[in-house]
Amino acid sequence: MFDLLSLGFGPFFAGQLPCNDAVPARIVAEHRDGYVVWSEAGESVGQLSGRLAHELQDDAFPGVGDWVVLKSLPEPDEIASIDTLLARRTVFMRGAAGREKRGQVVAANVDIVFVVSGLDGDYNIRRIQRYVARIFAGGAEPMVILNKADVCDDVASRVAEVEKISPGLRVLVTSALRSQGLEGVTGLLTTGTTAAFVGSSGAGKSTLMNAVLGEERFATGEVGAHDGLGRHTTSHRELVVLPSGGLLVDTPGMRELALLDEGGIDTVFSDIVELSVQCRFSDCSHNSEPGCAVRKAVAMGELPVERLEHFLKMLAEAQSFVLRSNERLRRKGERAFSKRIASDMKLIRKFKE
Ligand SMILES: Nc1nc2c(ncn2[C@@H]2O[C@H](COP(=O)(O)OP(=O)(O)O)[C@@H](O)[C@H]2O)c(=O)[nH]1
Ligand SMILES: [Mg+2]
Ligand SMILES: [Zn+2]
């Protein structure tokens, strides 16, 4: 049996329950053909009700960490029907694979999202910056873990570089392989706190996960490879309870991280946003307008020009993503409209006969 409070339940979710005897549950794993949920009845397999799947059409489907309402308290071996998805406190989303550019939930209702980056060839400051923006966009707190400290001779300068990504960004250094620096992670993961590890495959997320769990639960190394010992490879997402009481999601590596909207960019670049208040024009694009306080700061050596370039580049990319997905929605609307006209015409002809 599970205690909902230690699973992260609280007033925000309780307030959304449709009635007193509603059965809240948390999604802890997502598989091709269903979910694993934890409720007061323990662990069950769950499936979306037809009505909920229909309602969610264009929205992101529930993901690991989501709180849902089950039709009833599941009996042992009974498949639980997931009837309602509760509003999320926070979410980390990515652009879904394929042509349909809708978002996909990587982890929901997470307090902290750790961006794990190896201090080896994996290290890429721009990629870390994109992750941090997307984490802010979903309302969680970003934190960067620079892992594989054992293979890097210049940890301090990397840390300094990452700290400059965003004012106040926290950076932890670990070597999962040597179990170093882990207390910085576990210390944050107290009972009821949910966190997730995101980052490229090979960064060491599963190794870190095993190290903080104190058990070899997740297979490490080649992603998708089976290690022959029946351990999970991270091809799906799964939430686990740590000895420290916290809840942690390991996610498969992401090849690309689309900027689904402008969310979070202003938080990452809060220094530029602050400067832009002083620009002569309120819609200044900080390109060539007169009286631009941002360009002035660059000229004075107060703001690195690359930082401004990254800001403008990320904004442009997010805006183009939004434009493209609006276009897709518009076309979809038009198709639905012409379908309806066609069926109306059919009806009219029928009446005329
Ligand atoms: N040198 C070193 N290697 C590590 C460390 N953490 C993980 N690795 C190795 O990096 C590879 C990928 O690790 P894995 O945890 O599977 O990465 P994931 O894809 O992010 O889950 C494995 O071969 C690990 O042994 C570390 O701290 N130092
Ligand atoms: Mg992994
Ligand atoms: Zn300006």
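The values are calculated or read from the model by the stated rules, or taken from the named source; none is laboratory data. In this text the structure is predicted, and so the values were computed from the model without any measurement. Quick reminder, even Gly has a Cβ in these numbers, built from the backbone with ideal geometry, and neighbours come from all protein chains shown. Remember, those area values only see protein heavy atoms, side chains included, never the ligands or the DNA or RNA. Shrake-Rupley method; radii C 1.70, N 1.55, O 1.52, S 1.80 Å.
Summary of computed values
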read-out	value
Candidates Gly118, Gly95, Gly63, Gly103 - the one that is more than 12 Å from the chain's Cα centre (by Cα) and within 30 Å of Ile165 (Cβ to Cβ)	Gly118
Single residue of Val110, Val115, Val106, Val68 found to be of a type in the set (Val, Ile, Thr) and outside any strand (DSSP E or B)	Val110
Near pairs, Cβ below 7 angstrom, 6+ apart or cross-chain, from segment 117-135 (assigned by TED's automatic domain parsing to the domain that holds Leu172 and open to solvent by less than 30 Å² (accessible area, probe 1.4 Å)) to any residue that is of a type in the set (Asp, Glu) and in a helix (DSSP H, G or I)	Ile125/Glu161
Within segment 77-90, considering residues that are open to solvent by 70 Å² or more (accessible area, probe 1.4 Å) and in contact (Cβ under 8 Å) with a residue 12 or more places away in the chain, the one farthest from the chain's Cα centre (by Cα)	Glu78
Test: residue in segment 5-24 that is touching a helix residue (DSSP H, G or I) at 6+ places or on another chain (Cβ under 6 Å), surrounded by 15 or more Cβ atoms within 10 Å (Cβ to Cβ) and within 22 Å of Leu189 (Cα to Cα)	no
Filtered residues of segment 36-45 (kept if within 22 Å of the chain's Cα centre (by Cα) and either open to solvent by less than 20 Å² (accessible area, probe 1.4 Å) or hydroxyl-bearing (Ser, Thr, Tyr) (or both))	Val37
Test set (1) away from ligand 3 (no atom under 14 Å from the Cβ); (2) over 23 Å from Glu163 (Cα atoms); (3) open to solvent by 50 Å² or more (accessible area, probe 1.4 Å) - Leu260 fails condition number	(3)
Members of segment 289-321 that are open to solvent by 50 Å² or more (accessible area, probe 1.4 Å) and either in contact (Cβ under 8 Å) with a residue 40 or more places away in the chain or in contact with a Cys (Cβ under 6 Å, 6 or more places away or on another chain) (or both)	Glu317, Gln319
From Ile145, Ile125, Ile135, residue being in contact with a Ser or Thr (Cβ under 7 Å, 6 or more places away or on another chain) and of a type outside the set (S, T, N, Q)	Ile145
Residues within segment 46-62 that are at pLDDT below 90 and open to solvent by less than 30 Å² (accessible area, probe 1.4 Å), tallied	2
Count - residues of segment 71-89 that are out of contact with any strand residue (DSSP E or B) (no Cβ under 6 Å at 6 or more places or on another chain) and in a strand (DSSP E or B)	1
Test: Asp283 is over 29 Å from the mean Cα position of the chain (by Cα) and within 14 Å of ligand 3 (Cβ to nearest atom)	yes
Hits in segment 255-297 (condition: outside any helix (DSSP H, G or I), of a type in the set (D, E, K, R) and more than 16 Å from ligand 2 (Cβ to nearest atom))	Glu256, Asp261, Glu262, Arg280, Asp283, Glu289
When residues of segment 172-224 are limited to those that are among the hydroxyl-bearing types (Ser, Thr, Tyr) and more than 12 Å from ligand 1 (Cβ to nearest atom), the one farthest from Val110 (Cα to Cα)	Thr186
Single residue of Arg328, Arg280, Arg324 found to be in contact with a Gly (Cβ under 6 Å, 6 or more places away or on another chain) and charged (D, E, K, R)	Arg280
